[in-house]
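Structure record follows, encoded as C-alpha cells.
The values are calculated or read from the model by the stated rules, or taken from the named source; none is laboratory data. Bear in mind that the values here come from a model prediction, so they are computed numbers and not experimental data. In this analysis, Cβ positions are derived from the backbone assuming ideal geometry, glycine residues included, and neighbour counts consider all displayed protein chains. Please note that ligands, DNA and RNA were not included when accessible areas were found on the heavy atoms of the full protein model with its side chains. Shrake-Rupley method; radii C 1.70, N 1.55, O 1.52, S 1.80 Å.
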Amino acid sequence: MDSFRSRIIPVTTILAGVVVLWYVFAVILNAPFQRDLDQRANETPGTVEFIGKTLSQPKPTLPAPHQVAVNFFENTFLRSVTSNRSLVYNAWVTLSSTLLGFAFGTALGIVIAVGIVHVTTLDRSLMPWIIASQTIPILAVAPMIIVVLAAVGITGLIPKALISTYLSFFPVAVGMVKGLRSPEIMHLDLMHTYNASRSQTFWKLRVPASVPFLFTSMKVAVAASLVGAIVGELPTGAVAGIGAKLLSGAYYSQTIDIWSALVAGSVVAALLVMVVGIAGRLVDRAMGGRPA
Amino acid sequence: MTWLKPSWQAVLAILFCLVALALGAMSKPEAAALAQPTATTIYPYMGTKGLILGLLLIAALVSAVRLAPVVEAAVLFIGAHIAAWLLIKGIAGFEGTALAPYFLALAAAWLLAWRCVALLSSLRPAANGAKTALRLIIPAIFGAWILIIWEAVTRGAGIPFILLPPPSAIGARIANSLPILGSDVRQTIFKAVLIGYIVGNLAGFVVAILADRVPFLRRGLLPIGNMVSALPIIGVAPIMVMWFGFDWPSKAAVVIIMTFFPMLVNTVAGLAASGHMERDLMRTYASGYWPTLLKLRLPAAMPFIFNALKINSTLALIGAIVAEFFGTPVVGMGFRISTEVGRMNIDMVWAEIAVAALAGSVFYGVVALVERAVTFWHPSVRGG
Amino acid sequence: ADKVTLQLKWVTQAQFAGYYVAKAKGFYDAEGLDVDIKPGGPDIAPEQVIAGGGADVIVDWMGGALAAREKGVPLVNIAQPFKKAGMELVCPKDGPIKTEADFKGHTLGVWFFGNEYPFYAWMNKLGLKTEGGPDGVTVLKQSFDVQPLIQKQADCISVMTYNEYWQLIDAGYKPEQLTVFNYSAMGNDLLEDGLYALEDKLKDPAFEDKMVRFVRASMKGWKYAVDNSDEAAGIVMDNGGQDENHQKRMMGEVAKLIDNADGKLDPATYERTAKALLDQKIIAKEPSGAYTTAITDKAIK
Amino acid sequence: MSGQSPAVVSASKLGLTFQTSDGPVQALSNVDLTIGKGEFVSFIGPSGCGKTTLLRVIADLEKPTSGAISVNGISPEQAREKRAYGYVFQAAALFPWRTIERNVALPLEIIGLSQAEQAERIKRTMELVNLSGFEKKYPWQLSGGMQQRASIARALAFDADLLLMDEPFGALDEIVRDHLNEQLLSLWGRTNKTICFVTHSIPEAVYLSTRIVVMSPRPGRVTDVIESTLPRRRPLDIRETPEFLAIAARVRDGLRAGHSYED
Amino acid sequence: MSGQSPAVVSASKLGLTFQTSDGPVQALSNVDLTIGKGEFVSFIGPSGCGKTTLLRVIADLEKPTSGAISVNGISPEQAREKRAYGYVFQAAALFPWRTIERNVALPLEIIGLSQAEQAERIKRTMELVNLSGFEKKYPWQLSGGMQQRASIARALAFDADLLLMDEPFGALDEIVRDHLNEQLLSLWGRTNKTICFVTHSIPEAVYLSTRIVVMSPRPGRVTDVIESTLPRRRPLDIRETPEFLAIAARVRDGLRAGHSYED
Ligand SMILES: Nc1ncnc2c1ncn2[C@@H]1O[C@H](COP(=O)(O)OP(=O)(O)OP(=O)(O)O)[C@@H](O)[C@H]1O
Ligand SMILES: Nc1ncnc2c1ncn2[C@@H]1O[C@H](COP(=O)(O)OP(=O)(O)OP(=O)(O)O)[C@@H](O)[C@H]1O
Ligand SMILES: Cc1ncc(C[n+]2csc(CCO)c2C)c(N)n1
Ligand SMILES: [Mg+2]
Ligand SMILES: [Mg+2]
C-alpha cells in the first residue's frame, strides 16, 4: 500500500492546486454578472461580501468547487440509485453503452487493422475511406443513424453503443496497424524460415509485438467511447445518462448541474482509462515485461 | 481446365445475373407492363435490360478465363462500370420503383469491380509511374463504388431526400455552393482546427514531458490528465462558448481539449518505448535528462507520437464541427450542418460532410507522409 | 388499441403538456389509442423522423414543415394547437437597443435549426442586412440558453415567452428592465407548434380516423392542461420534465398561446406564414394541400 | 565438387545488389557453388563480405538480383515452404515475451508437434546447449552467450535436414565452443544433415568442415574453396595434427589475400 | 597487485544477486579486484559467469547487492557522472534513426564538442575500424561485424581514460581482429588508458593484457588472476613464443577448472 500512498499525496496536492485556481477563476468569471446584478438592484456590497456572492450564484458562469461538490454529493449519495436524478444511475446508463460500444469498437478496430495488415486490397483501398468516415461529424449523423435504426426497430442501448463504436474503432485501428507492423524484421524473418502461416505469424509474433500500441490505443478509445455514448444520448431524446444531464442542465442554464455531470463523466473516464492501464500492466507482466 | 480460373466474385456475379433474369421485371412499371402487355407504358430498362445483364455476364465469364491480369482488370472495369451507369441512368424518373433484379444486377456489378480491385492490388508493376497510378486508382475505385451503391440504392429504393440524398445531388450542391463552403472551411478548418490542433498536441506533449520529468507530477498529473481530457464535448462546448465567446476561439479550445488526451497518452507510452541497452548507453555518457530525451527517447517515441497526430487529425475536425452546434457566428461547417438540417437541405449537410471528409483525408495524409519521413527507420515503415 | 407514435420537437416540457396530459388522463385510451410520445432534442428533426417511418404524427413549426414538404416529405398540417407564436426578441434596457431603429450595427442572438425564419422575415421587412457591418446586424447562432445576454456577447437574444424569458427573470432581470419584441404582437409571427402527418397516409381512411381520434383526445388534453395548469406541470414532471417551478410557469404561458383549444388552423395566419416563407425563398413555390381542416372539423364539433 | 551426392544447394552466377539511398551496394557477385547432401560447408571471410547475405539468399530471405539458385533441386521459396532448413541468425532473435523454453518451442508449435514431443525436444536441446535450469527465464535475464545458445537450441529442436548457421558460436568461450563443436559434429555424423556454417574462426572452420568457402568483400565473391582431407570422425586433438595446421594455413592465406588491409 | 599505480577500479567482496520471478540468480559473489591506472585487464570465463555483470557494476549500470566498489577512488555513480569511462556493449546498440556517422557522433554531441572536432574524431575512428565509405549508411544496412565495429568506433571517439569493452571483437574475422588488436594495443601504449576487456579468445586475452582475470560461473567468482610477463610492446608474432603459449595454457587450465562441463 506504499505505492498507494505515494500516489495519493501528489494527486491530492495537484487537485488542491486545481481547486484554488478554480476558485480564483470562479470569482473572476462570475464578477461581471454579479456587478450587473448589484447595479440593477442598487446595491454596493463590500469586497468580501461581493466575493461571497460571486461564489454562491444559483446559475454562475463558473460554479465554485463547493457548489459543484455539494450538488455532486447530493445527486450521488442522497438519491436512491434508481432515481433518474441520481448521478450514479445516469453514470451507469452512460457507462453501459460506453462499455458495449468500446467492446464493439475495439473488436472492429482490431479486425480492420488485421485486414489492412494482411490484405493488400484493403491496405490500398480501405484506409482512405476509414479516415474519411472519421471526419464525418458524429453529432450531425447521429440523429440520422438513430432515426434509421429506430425505423428498423433497433432502439435502446444498441444505437448509442454504435455511436461509441464509431468513435472508438478508429484509434484502435490506427494504433493496431502500427502495432501489428512493429515486429522486428529479424523476428519476421525467423517466422519466415519456419514457413509459419499468416495466422501463426499473427498470433505468435504480431499480436504480442503490438501490445504496447494496443493498450495505448485502447486508452484513447475508451475515452472516445464515453464521448460517443454521451453524444448518442442526445438524439434519443436524452432521457437518461450523463449526456441527458448535461443537456437538460445546459437547456436551463443550470451550470452547477452541468459541472457536476461533467465531474461525474470525468470520474467515469478516469476510472475507465485506469482500468485499461491496469489491464495493460497485467498483460505486460504476464509477458515477462522488464521493469523499466 | 488450365485456361479457366473462376474467382468467387465472378461466380457469384454470374449467379446473381441468372437469378435476376429468372425473376423478371426490374421495376414496378415493368412488372405492370408485363401484366398488361397491351398497354404501351414506358418503363425503365425497356431497351437496356438485356444489355446490362449481358454485359455483366460476359465480363464475369471473360474474367474467368486465364488472361493477363491487366486485360482481365480492364474487361472487369469496363463491364462493371458501364452496367452500373446504365442501371443508375435507367431508374431516373422512376425512383423508388426498383425490384429485386435491379439490386441483384447492382450487386453483380459490384462483385466484378471488387474482383477488379483485387486484381489491381496484386499487380507489382516495375515502373514507378505505374506504381503511383495504382496507389491512386485502387482507393478511387473502392470509393467510387461506395458512391455508386449509394446512388443506386437511394434512387432504386426511393429513400426520401431528406433522409439521405443521392451523391449526385450532393455533388451538384457542392458545385453550386463553393463560396459558402469556402468561407465555412476558412472559419472552421483554418481557424479553429489548425490552431486547436497545434495547441492541443503541444499541450499534451508538454504535459507528458513534464509528467515524465517530475515524478511528483507524473503521479499527480496523469490521473487528472485522464479526467480532464475525456470531458465530453457536449459538456465542454457550451462552457467554452461562455468563456471564449462565440467565435472560433471557443471552438479551438474544444479542439485543444479533444486532442490533448490522445497526445498525452501516446507520448507517455512512447517515452517508455526506448530499449534498455540504448538507455544504458546514454547513461554511460552521463547524458543528462534533456539530451537523452532529445537524442534517444523522443526519436524512439515517434511512432507513438505520430499515432496521436493521426488520430487527432480527424478528432480535431469532428471537435471543431460539433463545437459549432453550440453558438457561433453564422458561418462555419458545423453551423451550416446544424442549420441546414433544420431547413431540410440535407444535400447541403452532406456537401459539408463531404468537404470535411476531404479535408480530413488530406490532413491525415499529410501527417502520414511526414510520419514516413520521420520514422523511416521503424520496422513498420521499412517493411513487414 | 391503435398505436400512434408522436414525435415532439423538443425535450419534455410543458410546451407539450397537452399530449402528456391526454396520455396520463386516459383521453387517448378512451379513443382506443395507444400513444407513444417521443421527446425531441436539439438534434432531432421531426421531419426526418416521420420520413424515416419513426413516427405517425409530429409536432413541428410551419416553416420546417413546408420546407420539408418541398423536399419530398409531403407533410400536412392536421391541427394547430398553438394559435399564437411564443417567440420574441428581448434586449436589456441598459443596452443600446430600445427600438427597431437601433438594431443597426449590433449583435442579435437567433435560433437556427429551422427557427430562424421569423427573424429573417422581420429583418427583411426592416430592410436590414444580416451579414454584419455598421449598416446591418451581426447574427449569432444562439444555443440552448440565455448566456449570450448574460455574457454580453449579444445585445438582444431570442426567447420563448414560456421558457427562456423566465430564465432571464431568474437570472435577476426584472421585466421592466427588458425591451421585448414579440413576433405575434408585431404581426411577424409564423405558426409554431402544429400537428403534421404524411399526406399519402392520410388518404387511408383508417389512418385518417386514427388521426381524428388522436387530435380530439390531444385537444381534450390541452383543454385540461390549460384549466389545471399546476397538475399538468406535474404530469410533465412525471414524464421527465425538469424543474417543477419552471414547468408551472411555462404551462401558464403556454396556455396563453393555446387560445380556445379547438386546434383549428386559421387560414389567414397560414397564408401569411406561407407568404413570408416564399418571400424569403425558404420555399420556392406556393404550397398547396399543405393543410387540411378535415381532421379538426371531424374531431371538434 | 562432391559430385557423388545430390546437390542440396546449387548456385550459379549468383549476384545481389542492395539499393540504398546513397547508391547501390553489391553484396554478392558471381557466386558459383554446389553443396552436396551431407556436406558440412563453412563460410569464412572478412566482415561485410556477404556471408550472411548468401545464407539469406539460400533461405529465401533475400532475392538474388542476378544468377540462379536452387535448394534441394527446387527454388529457395519452395524449399522454405517445405521447411527444408533451420536457420541460426547472427543475433539471437529471441521473442522477449516468451521464456527461453517457449522460445525453443516456437518452431515446434508452428509445425504442430504434440505437447509431449515438444517437451522432449526442448529438454534434449536445452541440455545439449547446457541451458538446463534456465527454461523459465526471459531472454533479458540471460547473458549474451546464453541467448545465443538458446537460439541454437531453437534451431536444433526444429530438426531440419539443412542447417544454416550464421556465426552460432561467436559469443561463446572456448570451452563451450569446443563442446558445442563436438556436439554439432556428432549430430552431423549421426544424421547426415547438410550444414552451412558461417564462422570467423579458422580452426573452427577447419575442424568442422568437409569444405571451406573463403569469400572476399565488396563485391562479395568466392575466392577459394578448400576441400578438407580430414576424416569424418574428428577427435578434438586432431587440431594439433600437421594436416590440420596445413589446411588452416591455406585458409588463412586465402583470407588474407582477399582482405583489404594493406598492412 | 600492481600496487605502484593508483587504483582505477577497486572492488572488495562484491556480490550481485538478481531477483527473478522464479528465484534469485547470484551473478557475482565475493569478487575482490583492484585495477591500477594504465592496466589492460582481460576478463575471461564461461558464458553466463558474470563478466558483463561485473563490467556493468563498474559502469554504474547495475548496483551491487553486497560488498564495495570504487572507480577512480569515487563511487561508480560519481565516476559515470564525470564521464570517466567509455563502454562497448556486447551488442552494437546503434540508433536506427542515425547514420553510422551520426551514431559515432552521439557521445560527442552529448559532451558538446565543436562540429569540427566531431568531424575530425569521426573520421579518425571510422578509419581505425575500417568503416570509411559507410558513414552515411543506416545500421540495418551493415553486416553484423560492421555494426560491432561502428560501436567500437563510437566508444573510441568518446576517448575516456577508462575503457570497458564487452567482447568487442566477437563478430570479427581473424584478420580484422588482429588488426584491431594491434590498433588497440598501440592506442593503449600511446595514451596510458586503463582497459577492462571481456573476451572469449584466450590468445586475444594473453596478447592484449597485463593481467587476465579468470572467472567461473554461478555464482560468478574470480578463480584466477594471471599476471602477464610479456613486455608492453608486443608484435603480433609474439603469439608464437613459448612464454606466450605458457600463459595461454595457464589461462586455459584456469578456465577449464571453473567450467561445469564434466566431459
Ligand atoms: N539491408 C541492406 N541494405 C543495404 N546494404 C546491406 C544490407 N544488408 C547488408 N548490406 C551490405 O551488404 C554487405 C554484405 O553484408 P553481410 O551481412 O552479408 O556481410 P557478412 O559477410 O555477413 O559480414 P559479417 O561477418 O560482419 O556479419 C555489407 O557491405 C553490407 O553493408
Ligand atoms: N537482468 C537480469 N536478471 C536476471 N538475471 C540476470 C540478468 N542479467 C544477467 N543475469 C544472469 O546473471 C548471470 C551472469 O550474466 P552475465 O551477462 O554477466 O554473463 P556473462 O559472463 O557476460 O556471459 P556471456 O559471456 O554469455 O555474455 C547469468 O546467469 C544471467 O542469467
Ligand atoms: C438548437 C436549438 N434550436 C432551437 C432552440 C429554441 N427553442 C427552445 S424551445 C423551442 C420551441 C420548439 O418547439 C425552441 C425553438 C434552442 N434552444 N436550441
Ligand atoms: Mg554476417
Ligand atoms: Mg556478457
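Label point of residue E:241 (7 Å along Cα→beta-carbon): distances to the other copies' equivalent points are 3.3 nm, sorted ascending. Once you have a ≥ b ≥ c as the square roots of the Cα gyration tensor eigenvalues for the range E:27-119, tell me rounded if a/c is under 1.5, and otherwise prolate or oblate according to whether a/b is larger than b/c. Prolate, because a/c is 1.5 or more and a/b exceeds b/c. Taken per residue, the accessible surface of the range B:17-127 reaches 47 Å², heavy atoms only and a 1.4 Å probe.
The same position residue E:21 in the other copies lies at 4.0 nm from this copy, comparing label points 7 Å beyond Cα toward the beta-carbon, shortest first. Measuring from each Cβ of chain D to the axis that turns chain D onto chain E, the shortest distance belongs to D:170, 3 (residue, then whole Å).
Here the scattering of the range B:323-384 is modelled by Debye summation over its C-alpha atoms, one equal scatterer each and no solvent; at q = 0.14, 0.20, 0.24 Å⁻¹ the log10 of I(q)/I(0) is -0.56, -0.76, -0.94. Rg and Dmax of the range A:113-174, both derived from C-alpha coordinates alone, stand at 13.8, 38 Å. Rounded to the nearest 0.05, the FRET efficiency derived from the C-beta distance between residue B:92 and residue C:186 at R0 = 51 Å is 0.65.
Simple spin-label estimate for residue B:175 and residue E:218 gives 8.0 nm between the two label positions (7 Å along the Cα-to-Cβ direction from each Cα). Positive end of the dipole of the range B:291-384 (Cβ unit charges, origin at the Cα centre): among B:360, B:298, B:311, the Cα lying farthest that way belongs to B:298. On the beta carbon distance between residue D:78 and residue A:120, with R0 = 25 Å, the FRET formula returns roughly 0.70. Per-residue 3J(HN,Hα) values for the range D:162-178, derived from phi via the Karplus relation 6.51 cos²θ - 1.76 cosθ + 1.60 with θ = phi - 60°, read 10, 10, 10, 10, 9, 6, x, 9, x, 9, 10, 6, 3, 5, 4, 5, 4 Hz in sequence order (x marks Gly and Pro). In terms of its alpha-carbon gyration tensor, the range A:1-142 comes out prolate; a/c meets the 1.5 threshold, and the first ratio a/b outweighs b/c.
Based on Cα atoms of the range B:196-289, Rg over Rh with Rh as the Kirkwood radius reads 1.13.
If you take the charge dipole of chain E about its Cα centre, with +1 on Lys and Arg Cβ and -1 on Asp and Glu Cβ, which of E:105, E:89, E:7 is farthest toward its positive end? Result: E:105, furthest along the dipole toward the positive end.
Distance between the C-alpha centres of the range D:86-132 and the range C:173-210: 79 Å, rounded to the whole angstrom.
In whole percents, the pair-distance distribution calculated for the range B:1-109 from its alpha-carbon pairs, binned every 5 Å from zero, is 2, 13, 22, 22, 15, 11, 7, 4, 3, 1, 0. 3J(HN,Hα) couplings calculated from phi for the range B:69-86 with the Karplus curve 6.51 cos²θ - 1.76 cosθ + 1.60 (θ = phi - 60°) are, in sequence order, x, 5, 5, 4, 4, 5, 4, 4, 4, 5, x, 5, 6, 5, 4, 4, 5, 4 Hz; Gly and Pro show x.
Taken over chain B, the convex hull of the Cα atoms encloses 191 Å³ per residue. The value for the range B:103-238 of Rg(Cα) / (2.2 N^0.38 Å) is 1.66.
By the Cα gyration tensor, the protein assembly as shown has an equivalent ellipsoid whose semi-axes, rounded to whole angstrom, run 76, 41, 25 from largest to smallest. Largest first, the extents of the alpha carbon coordinates of the range E:73-208 on the three principal axes equal 37, 36, 25 Å.
Annotation for the C:A interface, with buried accessible surface near 2400 Å², both sides summed [1.4 Å probe; non-protein components not counted].
Counting every C-alpha pair in chain A, the share spaced more than 29 angstrom apart comes to 51%. When the listed pairs A:178/D:137; C:220/C:256; A:53/C:248 are checked against a 26 Å cut-off, the alpha-carbon distance exceeds it for A:178/D:137; A:53/C:248.
Expressed as a whole percent, the accessible area of the range E:105-183 that falls on carbon and sulfur atoms is 47 (1.4 Å probe).
With N as its number of residues, the range C:248-301 has a Cα radius of gyration that, divided by 2.2 N^0.38 Å, comes to 1.46. Close amide H pairs (under 5 Å, H built 1.01 Å from N) link residue C:137 with C:105, C:129, C:130, C:131, C:132, residues at least 5 positions away or on another chain. Using a Gaussian network model of chain B in which every pair of alpha carbons under 10 angstrom is joined by a spring, one finds that among B:282, B:263, B:348 the greatest mean-square fluctuation is at B:282.
Charged neighbours of residue A:178, selected by a Cβ distance under 14 Å, balance to +3 (K, R count +1; D, E count -1). Under the simplified labelling scheme, the residue D:227-residue D:109 pair shows an inter-label distance of 4.7 nm, with each label point 7 Å from Cα along Cα→Cβ. Report the accessible surface area buried between chains D and E, summing both sides, using a 1.4 Å probe on protein heavy atoms only, in Å² rounded to the nearest 100. Protein heavy atoms only, the D-E interface buries about 3300 Å².
Net charge near residue A:163, counting Lys/Arg +1 and Asp/Glu -1 over other residues with Cβ under 13 Å of its Cβ? That sum, taken over residues with Cβ under 13 Å, equals -1. Taking the 1.4 Å solvent-accessible surface of the range A:202-254 as the whole, the part contributed by carbon and sulfur is 69%.
In this structure, the amide hydrogen of residue D:228, modeled 1.01 Å from its nitrogen in the peptide plane, lies closer than 5 angstrom to those of D:211, D:212, counting only residues at least 5 positions away or on a different chain. When the inverse distances between all different Cα atoms of the range B:95-168 are averaged and flipped, the Kirkwood radius reads 13.9 angstrom. In summary, the convex hull built on the alpha carbon positions of the range D:100-167 has an orientation-averaged projected area of 4.5 nm². Rolling a 1.4 angstrom probe over the protein heavy atoms with all chains in place gives chain C an accessible area of 35 Å² per residue. Over all alpha-carbon pairs in the range E:159-214, figure out the percentage whose distance exceeds 12 Å. That fraction is 66 percent.
Applying the Karplus relation 6.51 cos²θ - 1.76 cosθ + 1.60 with θ = phi - 60° to the range E:61-70 yields 3J(HN,Hα) values of 9, 9, 9, x, 9, 7, x, 10, 8, 9 Hz, where x marks Gly and Pro. As a ratio to 2.2 N^0.38 Å, the alpha-carbon radius of gyration for the range C:140-276 is 1.26. Hey, what does the equivalent ellipsoid look like for the range A:206-264, semi-axes from the Cα gyration tensor as sqrt of 5 times each eigenvalue, largest first, whole Å? Over the Cα atoms of the range A:206-264, the ellipsoid semi-axes are 33, 12, 6 Å. Using Cβ point charges alone (K and R +1, D and E -1), the dipole size of the range E:21-71 about the Cα centre works out to roughly 100 debye.
I want to make sure I understand the PRE zone here: with the label point 7 angstrom from the Cα of residue D:249 toward its beta carbon, which residues in the range D:213-231 have backbone N atoms less than 20 Å away? Under 20 Å, as judged by backbone N against the label point of residue D:249, lie D:213-214, D:224-231 of the range D:213-231.
Based solely on its DSSP helices, what 222 nm [θ] is calculated for the protein assembly as shown when runs of n ≥ 4 H residues each add -39,500 (n - 2.57) and the sum is averaged over all residues, nearest 500 deg cm²/dmol?
-18000 deg cm²/dmol
Near the amide H of residue D:163, within less than 5 Å, lie the amide hydrogens of D:86, D:194, D:195, D:196, all on another chain or at least 5 residues away, with H placed in the peptide plane.
The charge dipole of the protein assembly as shown, taken about its Cα centre with unit charges on the Cβ atoms of Lys, Arg (+1), Asp and Glu (-1) only, comes to about 1920 debye.
Relative to the longest principal axis of the Cα atoms of chain D, helix D:100-111 runs at roughly 80 degrees.
Here is how far apart the residue D:123 label points are across copies: 6.4 nm, shortest first, using a point 7 Å from Cα toward Cβ. Roughly what angle does helix C:244-258 make with the longest principal axis of chain C, taking Cα atoms, 0 to 90 degrees, to the nearest 10? Helix C:244-258 sits at roughly 80 degrees to that axis.
Taking 29 Å as the cut-off for C-alpha to C-alpha distance, list the pairs among C:174/C:264; A:59/C:129; A:160/C:281; B:295/E:82 that go past it.
Details: C:174/C:264 35 Å; A:59/C:129 35 Å; A:160/C:281 37 Å; B:295/E:82 20 Å.
Where the Cα-Cα span goes over 29 Å, the pairs concerned are C:174/C:264; A:59/C:129; A:160/C:281.
Electrostatic tally near residue B:261: other residues with Cβ closer than 15 Å to its Cβ, Lys and Arg +1, Asp and Glu -1, net +2. Mean separation of Cα pairs under 8 Å and 6 or more residues apart, divided by the residue count, gives chain B a relative contact order of 15 percent.
Modelled spin-label separation between residue B:199 and residue C:135, with each label point placed 7 Å from Cα along the Cα-to-Cβ direction: 3.5 nm.
Taking Cα atoms only, the orientation of helix B:128-156 departs from the longest principal axis of chain B by about 60 degrees. Rolling a 1.4 Å probe over the protein heavy atoms gives the range E:144-248 an accessible area of 31 Å² per residue.
Normalising the Debye intensity of chain E to I(0), with uniform scatterers on Cα atoms only, and taking log10 at q = 0.07, 0.11, 0.14 Å⁻¹ returns -0.24, -0.61, -1.00.
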